[in-house]
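One structure is given here, and the rest of the page talks about it.
The values are calculated or read from the model by the stated rules, or taken from the named source; none is laboratory data. Not measured: the values here are computed from a predicted model. Reconstructed Cβ throughout: ideal geometry from the backbone, glycine too, with neighbour counts over all protein chains shown. Heavy atoms of the whole protein, side chains included, go into the accessibility calculation; ligands, DNA and RNA do not. Shrake-Rupley method; radii C 1.70, N 1.55, O 1.52, S 1.80 Å.
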Amino acid sequence: MARKKIALIGAGNIGGSMAHLCLLKGLGDVVLFDVVEGLPQGKALDLSHAGPVEGFDGDVIGTNSYEDIAGADVCIVTAGIARKPGMSRDDLLGTNAKILSSVGEGIKRYAPNSLVIVVTNPLDAMVTLMKRVTGFPKNRVVGQSGILDSSRYRSFIARELNVSVNSVAAMVLGGHGDDMVPVRSTCIVGGVAVEKLIPSKRLDEIEARVRNAGGEVVALLKTGSAYFSPASAAIRMTEAHLYDKKEILPCAALLEGEYGVDGYYFCVPVMIGAGGVEKIIDIHLNTADKKAFDESLNHVKDIVQAMDRVLGV
Ligand code: APR
């Protein structure tokens, strides 16, 4: 069987980390694309030198030309600028909307049958734009948000209780902004509801930290935003697709009536398999979570409107 082809659009911090993960996990051949000359080629050459050490045979090339992504099975988009201290994800809108418009055109032309996973922020607006520009069906344009946000929640809970991260399940839903919704009722530790294990006031603090975790990393790094964990999250989606796992993962998907939302990308649990987003899973939200969910949706609506103003739509 021929190896799968994974195109990484943006060869910066997340792009480079994803390339490494794809090769280590043997997911297929990797094409690193960037507008900066030399950057994707240099990273590809460096990565290829890790092959004999790690024992991977996947091919990796760096390029500045879209022709090289031709026929890709998956395109993961991180092209754009990242946050600096003091910036919100929304502050990236003007610059990244223009970049994503051109990236969408390149993908539409050269990888028309691919699954497109958008990582660039502000995520909910950027994935909306990618859907519009490519015109791909909704099952093939999806945003990475909730796997990372949920992973941050799981990681903090695991540390709090000194248990394995594998024993903690949790989902963070809604927009990928500071008003994301850690859904406490989905947080289960070894089969036990987290509310039985950690006092409610402490859970409030942990959830506040989850919402600000991206900003916490930015404040420490000073020169950019998180990249190891977003890379892992996007590659988890890629694996679910390439291996037809039918895995239920929180991702930004286009809602058309589900959760009472129509026409917006929003993070909810979805099933990812060979068909991309094969199903949207409707879980019951309690009144408080639904209220937070709706507030987060209002923010997503605002950012999409702001994007339309930027693009003159
Ligand atoms: N086409 C392709 N690549 C581009 C383009 C473009 N039109 N414009 C910029 N890039 C490239 C940059 O040259 C850079 O190498 O995108 C890359 C972005 O890499 P980083 O600056 O290292 O940012 P990274 O940490 O990878 O984050 C990328 O993902 O999570 C989001 O908020 C984050 O929006 C940011 C994005």
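Can you send over the carbon and sulfur percentage of the accessible area for the range 40-143, probe radius 1.4 Å, protein chains only? Carbon plus sulfur share of accessible area: 51 percent. Cross-link reach is defined here as a Cα-Cα straight distance under 18 Å, omitting same-chain residues fewer than 8 places apart; for Lys25 the aspartates and glutamates meeting it are Asp46, Glu54, Asp57, Asp59, Asp73, Glu239, Asp244, Glu247. With all protein chains in place and a 1.4 Å probe, the accessible surface of the range 182-282 carries 54 percent carbon and sulfur. About its Cα centre, the range 5-143 has a charge dipole of approximately 620 debye under the convention of +1 per Lys or Arg Cβ and -1 per Asp or Glu Cβ, with nothing else charged. Amide H to amide H, with H built 1.01 Å from N, Lys4 comes under 5 Å of Asp29, counting only residues 5 or more places away or on other chains. In units of the compact-protein estimate 2.2 N^0.38 Å, the range 146-311 shows a Cα radius of gyration of 1.04.
Give me the Kirkwood hydrodynamic radius of the range 1-68, using the inverse of the mean 1/r over all pairs of distinct Cα atoms, in Å to one decimal.
Kirkwood hydrodynamic radius for the range 1-68: 11.5 Å.
Most tightly packed first, judged by the mean number of other beta-carbon atoms within 10 Å of their residues, the peptides 174-183, 117-126 read 117-126, 174-183. One quarter of the surface of the convex hull around the alpha-carbon atoms of the range 1-143 equals 8.6 nm², the direction-averaged projected area.
On a straight-distance basis, which lysines could pair with Lys138 in a cross-link, Cα separation under 25 angstrom, same-chain partners fewer than 8 positions away excluded? Candidates past the 8-residue exclusion: Lys4, Lys5, Lys98, Lys108, Lys245, Lys246, Lys279, Lys290, Lys301.
Taking all protein chains together and a 1.4 Å probe, the residues Lys301, Lys279, Lys196 rank Lys196, Lys279, Lys301 from largest to smallest accessible area.
Taking the chain, how much of its Cα-Cα pair set, in percent, is spaced more than 26 angstrom apart? Tail fraction, whole percent: 44. If both residues of a DSSP beta bridge must be in the chain, then about 55% of such bridges are antiparallel. The mean sequence separation of alpha-carbon pairs under 8 Å and at least six residues apart, normalised by the residue count of the chain, gives a relative contact order of 17 percent. Computed on the range 5-143, with alpha-carbon pairs under 8 angstrom and 6+ residues apart, the relative contact order is 23 percent.
Give me the orientation-averaged projected area of the Cα convex hull of the range 79-196, in nm², one decimal. Intermediate values should be presented prior to the final figure.
Working: hull surface 35.1 nm².
That works out to 8.8 nm², a quarter of the Cα hull's surface.
Report, please, the projected area of the range 41-119 averaged over directions, based on the convex hull of its C-alpha atoms, in nm². Let's see the in-between values first.
On the way: hull surface 27.0 nm².
Averaging across all directions leaves 6.8 nm² for the Cα convex hull.
Accessible surface area normalised per residue over the chain is 43 Å², counting heavy atoms of protein chains with a 1.4 Å rolling probe.
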